[in-house]
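K.L.:
Just passing along the structure, written as structure tokens.
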Amino acid sequence: MTNALDQTAAEERFRSVFAHLGAVAAYARRRGHRDAEAAAAEVMTIAWRRLPDVPVDDPRPWLFATARNIVRADARRSRPSSGEAAEASTPEPGLPELDPELAYALRSLSSVDREALLLIAWEDLTPTQAAHSLGINPAAFRVRLLRARRRLQAKLDASTGRPCEPNANLDMETT
């Protein structure tokens, strides 16, 4: 009897996680994955197997972290093995609907800066949720986000020919 109740509770819990399938597919699509729906399905398979690890309050940060790992792993598998430096790379995000200057500025940022900005802007996570998704301290994420915003602003200012704001060059070193 208890086993049937446990199974029913697990299925109900998974329904609440599965409700985020569309958001996970959108995440993978916006990160340039060639088959976003398959990536989202793989994330959900992992979520079912590791259901006790998925946070109850908001599973999105955990789901996005899992999706990021899948997107990166698929990118590594599809990259030609020609002795290139094995950098932890992420495919270029799909940015066709953005203003061309903004898309260029985003692409020119490091993947770390770009991910910090996109978790907030596109995935609608709070800084604390985004920090959990990246597996870092919320205070560290806020610093990363501030620096990424400054770098993006500097790139946009440079592309439009506007002078950078005072203090815009602060913290421009790579994190």
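K.L.:
Would you mind computing, in nm to one decimal, how far apart the modelled labels at Ile136 and Leu21 are, each placed 7 Å from Cα along Cα→Cβ?
P.N.:
3.3
K.L.:
I need the phi-derived Karplus couplings for region 114-124: 6.51 cos²θ - 1.76 cosθ + 1.60, θ = phi - 60°, integer Hz, Gly and Pro marked x.
P.N.:
Per residue, the Karplus-derived 3J(HN,Hα) values read 4, 5, 4, 5, 6, 4, 7, 6, 9, 8, 6 Hz.
K.L.:
Same structure again: Where Lys and Arg each count +1 and Asp and Glu each count -1, what net charge lies around Phe18 among other residues with Cβ under 12 Å from its Cβ? Mind showing how you got there, number by number?
P.N.:
Details: positive: Arg13, Arg15; negative: Glu11, Glu12.
Residues close to Phe18 contribute a combined charge of 0.
K.L.:
I would also like to ask the following. Using θ = phi - 60° and the Karplus curve 6.51 cos²θ - 1.76 cosθ + 1.60, what whole-Hz ³J(HN,Hα) does each residue of region 127-136 get, with Gly and Pro shown as x?
P.N.:
Each residue's phi maps through the Karplus curve to give x, 5, 5, 4, 4, 5, 4, 8, x, 10 Hz.
K.L.:
Calculate one ³J(HN,Hα) per residue across region 24-41 by plugging θ = phi - 60° into the Karplus curve 6.51 cos²θ - 1.76 cosθ + 1.60, and present them in order as whole Hz with x for glycine and proline.
P.N.:
Taking θ as phi minus 60°, the curve returns 5, 5, 5, 4, 5, 4, 6, 8, x, 5, 6, 9, 4, 5, 5, 5, 5, 5 Hz for region 24-41.
K.L.:
To continue, here is another question. Expressed in nm to one decimal, what extension gain is obtained for the pair Arg50 and Arg76 from 0.36 nm per residue of sequence separation less their Cα-Cα distance? List each step's numbers first, then the result.
P.N.:
On the way: separation 26, 0.36 × 26 = 9.36 nm, distance 2.40 nm.
Answer, rounded to one decimal: 7.0 nm.
Bear in mind these aren't lab numbers, they're just calculated from the coordinates by the rules spelled out. Remember, it's a predicted structure, so these values are computed and weren't measured experimentally. A quick note on method: Cβ atoms are made from the backbone with ideal geometry, for glycine too, and the neighbour counts reach across all protein chains shown.
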